[in-house]
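Participant: Shown below is the structure under consideration.
All of the numbers you see were taken from the coordinates with simple rules; none came from a lab. As the structure is a computational prediction, the values presented were derived from the model and not from experiment. Glycine also receives a Cβ, built like all others from the backbone with ideal geometry; neighbour counts cover every protein chain displayed.
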Ligand SMILES: O=C[C@H](O)[C@H](O)COP(=O)(O)O
Ligand SMILES: C=C(OP(=O)(O)O)C(=O)O
């Protein structure tokens with residue numbers, strides 16, 4: 001072989017390899033999953049349950065637009081991983097609701113998808129066996145089955161919508177949705193919300209930026225046409241009419257918390273300048289508590305004081321990360337403590353109930 005022939009052959013091999021890698025789909029494996037319609041027919045929501053969800057969405061819409069002056073309290077674990085513990089929490093919350101319903105609407109946080117700063121366990125929907133096996137078919141089924149049980153208790157439930165493809169499997173059972181701090185700026189998420197018939201809160205960015213949340217609200221309130229998936233699991237052109245119940249969630253940011261009266265007043269002014277309705281939900285966790293779960297109570301009490309002493313009407317809701325037991329634990333499948341978060345640290349049930357009951361007292365004239 002001459003030197004020239006060898007060079008020619010090497011070039012051909014390189015070109016072949018490059019061409020084979022042009023189609024990204026060849027370098028990943030794909031496992032089909034049931035369509036939303038298949039899963040929904042296996043795990044059917046009765047008409048009565050769907051009516052209950054519709055009723056809860058209307059209550060939340062009324063709270064957001066001020067025709068219902070109750071406070072929405074979204075509370076529950078950072079993430080769900082154990083259906084038994086989630087149900088125990090749900091039963092306690094339902095009983096507490098009966099004691100405070102004249103002044104508050106309690107909504108359970110049911111987060112199946114976790115946005116990670118880098119990597120980590122991404123939630124029950126992705127890895128229900130908690131061992132890296134990523135059995136997403138089981139994850140989707142377990143998430144829907146658990147939502148059916150929790151809504152079956154009579155509770156309104158909330159989740160973070162992270163992967164737009166997950167929503168068609170679950171959204172019929174949701175009464176409130178969050179777009180997280182890491183995705184508020186994403187056009188794909190804004191498009192998804194524009195077609196969700198669920199009141200949805202856009203969080204300020206992790207850097208504290210309120211503007212991305214306000215832009216998110218404006219975008220989600222508008223009609224969109226985009227690539228998505230229909231109920232049969234078919235890739236489709238989706239056309240939406242816009243979500244009138246998009247609102248802002250303040251969660252603090254790199255510069256510090258943003259739950260205090262000054263930040264709430266600036267948020268209200270920014271909403272008014274943008275021509276948006278003054279409806280604010282305050283997340284007591286994340287950067288508003290400096291990621292110290294023990295500070296959530298102080299934030300919650302400050303928010304209640306803004307409502308009762310300063311009579312701030314723009315605050316419509318408040319969020320707590322709370323589970324049966326306080327704190328968090330590392331994910332070790334064979335050594336997990338019942339009722340303790342495996343993602344962010346939470347306050348315990350006793351503190352949660354006491355905060356809600358004393359807020360109820362303060363909200364009573
Ligand atoms: O609420 C949950 C977490 O704050 C969020 O998922 C980011 O978690 P991470 O920084 O541990 O990845
Ligand atoms: C991830 C969450 O919040 P944030 O987007 O504010 O970090 C969360 O509420 O679980």
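Participant: Between 0 and 90 degrees, rounded to the nearest ten: what's the tilt of helix 211-221 against the longest Cα principal axis of the chain?
Facilitator: Helix 211-221 sits roughly 90 degrees off the main axis of the chain.
Participant: I've got another one for you. Could the peptides 208-218, 252-262 be put in order, highest first, of the mean number of other beta-carbon atoms found within 10 Å of their residues?
Facilitator: Highest-to-lowest ranking by the protection proxy: 208-218, 252-262.
Participant: Also: May I ask you to order 312-321, 196-205 by the average number of other C-beta atoms within 10 Å around their residues, highest value first?
Facilitator: 196-205, 312-321
Participant: Treating the angle as unsigned and between 0 and 90°, give the value, to the nearest 10°, between the Cα long axis of helix 296-308 and the longest Cα principal axis of the chain.
Facilitator: 50
Participant: Give the peptides 343-354, 87-98, 176-187, 41-52 in descending order of average Cβ contacts within 10 Å, highest first.
Facilitator: 176-187, 343-354, 87-98, 41-52
Participant: Pop a pseudo-label 7 angstrom from the Cα along the beta-carbon direction at both residue 102 and residue 69 and give the gap in nm to one decimal.
Facilitator: With each label placed 7 Å out from Cα toward Cβ, I get 1.4 nm.
Participant: May I ask for the distance between the Cα centers of region 295-325 and region 126-173, given as a whole number of Å?
Facilitator: 27
Participant: Against the longest alpha carbon principal axis of the chain, how many degrees, from 0 to 90 and to the nearest 10, is the axis of helix 47-65 turned?
Facilitator: 70
Participant: So, one more: Taking Cα pairs under 8 Å and at least six residues apart, what relative contact order does the chain come out at, in percent?
Facilitator: Answer for the chain is 15 percent.
Participant: I would also like to ask the following. Is the C-alpha gyration tensor of region 236-365 telling us rounded, prolate or oblate? Criteria: a/c under 1.5 is rounded; beyond that, a/b larger than b/c is prolate, otherwise oblate.
Facilitator: It is oblate, given that a/c is not under 1.5 and a/b is not larger than b/c.
Participant: Could you tell me the calculated FRET efficiency between residue 28 and residue 270, based on Cβ-Cβ distance and R0 = 45 angstrom, to the nearest 0.05?
Facilitator: Between residue 28 and residue 270 the formula returns 0.60.
Participant: If you take every DSSP beta bridge fully contained in the chain, what fraction is antiparallel? Give it as a percent rounded to 5.
Facilitator: 20
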